[in-house]
Amino acid sequence: KSFNITIDFTDKTQDIDGYETMNFNNSYEDNSFIREMVYENYTRAYTPSLKVAYIHLYINGEDYGLYPHVQGLDSKYIKEWFTNNNGTRWRCERTTGAGQPGGGGGGFGAGTSSLNYLGDDSTLYKPHYTLKHTEQARPWDGLVAATKALANTSNVDSLNKVLNIDEALWFLAKEIMFGDDDSYVNKGGMDYYAYFDVATGRLVPLEYDANTVMSGQTANWD
């Protein structure tokens, strides 16, 4: 089993080196136990990526063995990669339809949480994007603006004003290079996070679940 430990469950002031949660993953379908570690630590030099270390877990004196300890994508993570945590963070996940290898355009995957433009009404996005944190009076405006620009703007400079193109390209490149079958590219635009950075006024996609990278079924990706 995987374990998620909440350090401040009973004492809200309690943490370990500033971290309030600990995630011990079980390396599902990864007998080597190194895929997630290699992926996250290698890509940290180029784009926002989670910290990963190893722990040896004992519970009541019983040896549970080795676990990859993977950082949670929370407020502390945002503060480590951005100037502040004053923006808005969503988990982008399919709630209807079926995810599938993406083919681009409006029919990409479920077509709902893949940064597709659904209209100017922010309520149209709420069933498909889980709002995790915000300090903005109108938190959905940044997401709507980025999706609208993606649908209607062909000028790169204009698009880059609402979407961090460089980070978006790195986000896609590392998924493809390491064969991540459990995120935006392969699952049709779901199972990832997005952060609206108020310091730049731009949306940034973020990977958060790399437990199945470098799997055999993605070995033949071109």
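Sub-9 Å Cβ pairs linking a first residue in the range 9-27 that is more than 19 Å from Tyr77 (Cβ to Cβ) and open to solvent by less than 80 Å² (accessible area, probe 1.4 Å) to a second residue that is among the hydroxyl-bearing types (Ser, Thr, Tyr) and not in a strand (DSSP E or B), at least 6 apart or interchain, are Asn26/Ser2, ordered by first then second residue. Would you say Asn160 is touching a residue at least 40 places away in the same chain (Cβ under 8 Å) and open to solvent by 30 Å² or more (accessible area, probe 1.4 Å)? Here the answer is yes, as Asn160 does meet what is asked. In this structure, does Ala168 turn out to be over 23 Å from Glu29 (Cα atoms), of a type outside the set (Lys, Arg) and touching a Cys at 6+ places or on another chain (Cβ under 7 Å)? For Ala168, the condition - over 23 Å from Glu29 (Cα atoms), of a type outside the set (Lys, Arg) and touching a Cys at 6+ places or on another chain (Cβ under 7 Å) - is not met. For the range 6-27, filtered to residues that are part of a strand (DSSP E or B) and touching a Ser or Thr at 6+ places or on another chain (Cβ under 7 Å), the residue that is farthest from Ala210 (Cα to Cα) is Thr6.
Residue check: Ser122 meets all listed conditions (1) open to solvent by less than 40 Å² (accessible area, probe 1.4 Å); (2) farther than 18 Å from Arg89 by Cβ; (3) over 19 Å from the mean Cα position of the chain (by Cα) but one, namely (2). Only residues that are modelled with pLDDT under 95 and either open to solvent by 20 Å² or more (accessible area, probe 1.4 Å) or not in a helix (DSSP H, G or I) (or both) were counted across the range 174-198, and they come to 17. Being of a type in the set (Asp, Glu) and touching a Ser or Thr at 6+ places or on another chain (Cβ under 7 Å) holds for only one residue in Glu40, Glu62, and it is Glu40. Within the range 28-56, the set of residues being open to solvent by 60 Å² or more (accessible area, probe 1.4 Å), in a helix (DSSP H, G or I) and touching a helix residue (DSSP H, G or I) at 6+ places or on another chain (Cβ under 8 Å) is empty.
Take the conditions (1) open to solvent by 50 Å² or more (accessible area, probe 1.4 Å); (2) in contact (Cβ under 8 Å) with a residue 60 or more places away in the chain; (3) polar (S, T, N, Q); Asn211 misses just one of them, which is (1).
Candidates in the range 199-208 are the residues that are outside any strand (DSSP E or B) and either crowded, with 19+ Cβ neighbours inside 10 Å or within 9 Å of the chain's Cα centre (by Cα) (or both); of these, the one that is modelled with the lowest pLDDT is Tyr208.
Under the condition of being surrounded by 18 or more Cβ atoms within 10 Å (Cβ to Cβ), in a strand (DSSP E or B) and among the hydrophobic types (A, V, I, L, M, F, W, C), the residues counted in the range 57-90 number 2.
The values are calculated or read from the model by the stated rules, or taken from the named source; none is laboratory data. Values in this document were obtained by computation on a predicted structure and should not be read as measured data. Positions of Cβ are backbone-derived with ideal geometry, glycine not excepted, and every protein chain shown enters the neighbour counts. Each accessible area value is taken on the protein alone, full model and side chains, heavy atoms only, with ligands, DNA and RNA left out. Shrake-Rupley method; radii C 1.70, N 1.55, O 1.52, S 1.80 Å.
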